[in-house]
Amino acid sequence: MAGLVPGIHVFAAGVYKGVDARHKAWHDAERAAVAASPMQIALDEARAAAVRGEVPVGAVIVRAGDILARAGNRTLELRDPTAHAELLAIRAAAAALGSERLTGCDLYVTLEPCAMCAAAMSFARIRRLYYGAADPKGGAVDNGVRFFSSASCHHRPEVYGGMSESECGALLKDFFAARR
């Protein structure tokens, strides 16, 4: 996919033109992992972000059991304050689908989304949001502005918070403790 950020993973489900058997096997394994735990894949992306020195947040977008995109924070690397994991995954999934609407897609993220990311999910028409750790300071779903409850929000995904909460929270806590 031309124009996508390196390190952002995009998958075109079921398309194997010119792809060798190893890649197909890898894609099949990836698909099986989605059925098992998309949040674990998001945690893998968060850990990779931490290794890069980024705040450890990871996101995965899934539709009909297929991973469309996965990403970790890249705000420092890209020198872009909007390069949150959720936005990078939304951009990659939109490119993979060829549409700005991600109808029928579910987003898994390790930290409660901020207002910017919540708005992007609404505009993209994300079907369901699953997040790990709550964010009392910067979250905007169940904390802060509660974006999806506001009158100006035109699309509200189903929201499920607290998924793998202790593991997601520990990753963030350990990251910031090491920085102090």
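Bear in mind these aren't lab numbers, they're just calculated from the coordinates by the rules spelled out. Note that this is a predicted model, so its numbers are computed, not measured. Because the Cβ atoms are built from the backbone with ideal geometry, glycine has one as well, and the counts that use them run over all protein chains shown.
The amide H of A69, built 1.01 Å from its N in the peptide plane, has F11, I61 as neighbours under 5 Å, considering only residues 5 or more places off or on other chains. Within the shell defined by Cβ-Cβ distances under 12 Å, the residues around L102 carry a net charge of +3, with Lys and Arg each +1 and Asp and Glu each -1.
Using the Cα centre as the reference, give the magnitude of the dipole from point charges on the C-beta atoms of segment 32-84 (Lys, Arg: +1; Asp, Glu: -1; all else neutral), rounded to the nearest 20 debye. Each step should come with its number before you reach the end.
Numbers: 6 positive and 6 negative charges, 4 e Å.
For this selection, approximately 20 debye.
The H on the amide N of A133, modeled in the peptide plane, is under 5 Å from the matching H of L111, E112, G169, each at least 5 residues off or on a different chain.
Among beta bridges from DSSP that stay inside segment 59-172, the antiparallel ones total about 55%. Positive contributions from Lys and Arg (+1) and negative ones from Asp and Glu (-1), summed over other residues with Cβ under 13 Å from the Cβ of G161, come out at -3.
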